[in-house]
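The values are calculated or read from the model by the stated rules, or taken from the named source; none is laboratory data. Predicted model, so just to flag it, every value in this text is computed and none were measured. Cβ: placed from backbone, ideal geometry, glycine included. Neighbour counts: every protein chain shown.
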Amino acid sequence: MSRKMHLLVTIVLLLATSSPAASADPPKPFRYESYIDLDEMRHFLESQFPPGSARAGLRKSFVDDGKGTLVIHPTQAGVEKYIYDINLCRYYVWRWNISADYDGGGRLLQSYVNGEPVFPSGTQKKDGGVLGKSGHASIFKVKRPRPEADLGEKELAFIVIDADSDLKTIDDQVLTGGGPTRASIATPGKLHMYSNVEPWRSIFDFDPAGAIAPYPGDCAAEVAQARQNAAPPK
């Protein structure tokens, strides 16, 4: 092989090995609106923040980049949540409630999507049957106002089992309630029943988000598609 040919082959090989790294796109900042389905958000947590992840990483994604509201648990050390509300064209207010348990060093023990644990190795949900057997337990029917959804579900109804019959003490409560699986009016998915979920970690909790984000898509098109989907077949 001539020197010129050898030099040409070397250049081609260098370009082939260096191009992917040079052209790789930087990771995009996290946006809650990029995740439409409950399973999509769960998969994001599984893949990006396994147990042992630093608290700073979750806060960067869910608070700094995503603009969610950080809420520290009032009684449990190392527990916090990131809440984000989206107004789905005035028909429903969708809430992402991502909560996390950390050890004393700020490392992730367990994360939750709307109150449901992500990892089998971490803390799991409480047993409402056990709480209900307390001698002071009560069952409450509760409604969470959502007046922004003035064209649709302005209230979210759920049931709370409270071991001491005091709704102000939040560490001994679980709830049952339903919501859609997708943040979309046109394709809301299925009714998802939340069971044995702590109210503080749920879509029903009363902590206010810093703001209610407008729906990022075309509301007129979404509503038209929803009506078409709901129309009986001809």
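What to note about this one:
- Positions within region 128-149 being assigned to a loop (DSSP other than H, G, I, E, B) and either among the basic types (K, R) or modelled with pLDDT under 95 (or both), in sequence order: K133, S134, G135, H136, R146
- The set of residues from region 183-234 being farther than 26 Å from G128 by Cβ and among the polar types (S, T, N, Q) comprises S184, T187, Q225, Q228, N229.
- The residue that is nearest to D162 (Cα to Cα), counting only those in region 190-206 that are without any contact (Cβ under 8 Å) to a residue 40 or more places away in the chain and part of a strand (DSSP E or B), is M193.
- Output for region 150-167, where each listed residue is of a type in the set (A, V, I, L, M, F, W, C), closer than 17 Å to R201 by Cβ and part of a strand (DSSP E or B): L156, F158, I159, V160, I161
- Of all residues making up region 40-68, the number that are surrounded by 14 or more Cβ atoms within 10 Å (Cβ to Cβ), in contact (Cβ under 8 Å) with a residue 40 or more places away in the chain and not in a helix (DSSP H, G or I): 6
- Scan of region 69-101 for residues that are crowded, with 19+ Cβ neighbours inside 10 Å, without any contact (Cβ under 8 Å) to a residue 60 or more places away in the chain and of a type in the set (V, I, T), ordered by number: V79, I98
- Selection from region 154-178 of residues that are of a type in the set (D, E) and surrounded by fewer than 15 Cβ atoms within 10 Å (Cβ to Cβ): E155, D166, D171
- Residue match in region 23-30 (condition: in contact with a strand residue (DSSP E or B) (Cβ under 8 Å, 6 or more places away or on another chain), at pLDDT 95 or above and within 28 Å of A213 (Cα to Cα)): no
- Filtered residues of region 168-185 (kept if within 24 Å of G152 (Cα to Cα), outside any strand (DSSP E or B) and either polar (S, T, N, Q) or at pLDDT 95 or above (or both)): T181, A183, S184
- Scanning region 123-166 for residues that are farther than 15 Å from N196 by Cβ, without any contact (Cβ under 8 Å) to a residue 12 or more places away in the chain and within 26 Å of the chain's Cα centre (by Cα) returns P145, P147, K154.
- In region 207-234, the residues that are farther than 19 Å from S34 by Cα reach residues that are of a type in the set (V, I, T) and in a loop (DSSP other than H, G, I, E, B) with C-beta atoms within less than 9 angstrom, at least six apart or across chains, in these pairs: V223/I185; Q225/I185; Q225/T187; A226/I185; A226/T187; N229/T187.
- Residue match in region 179-193 (condition: crowded, with 16+ Cβ neighbours inside 10 Å, aliphatic (A, V, I, L, M), closer than 25 Å to K67 by Cα and touching a Phe, Trp or Tyr at 6+ places or on another chain (Cβ under 8 Å)): yes
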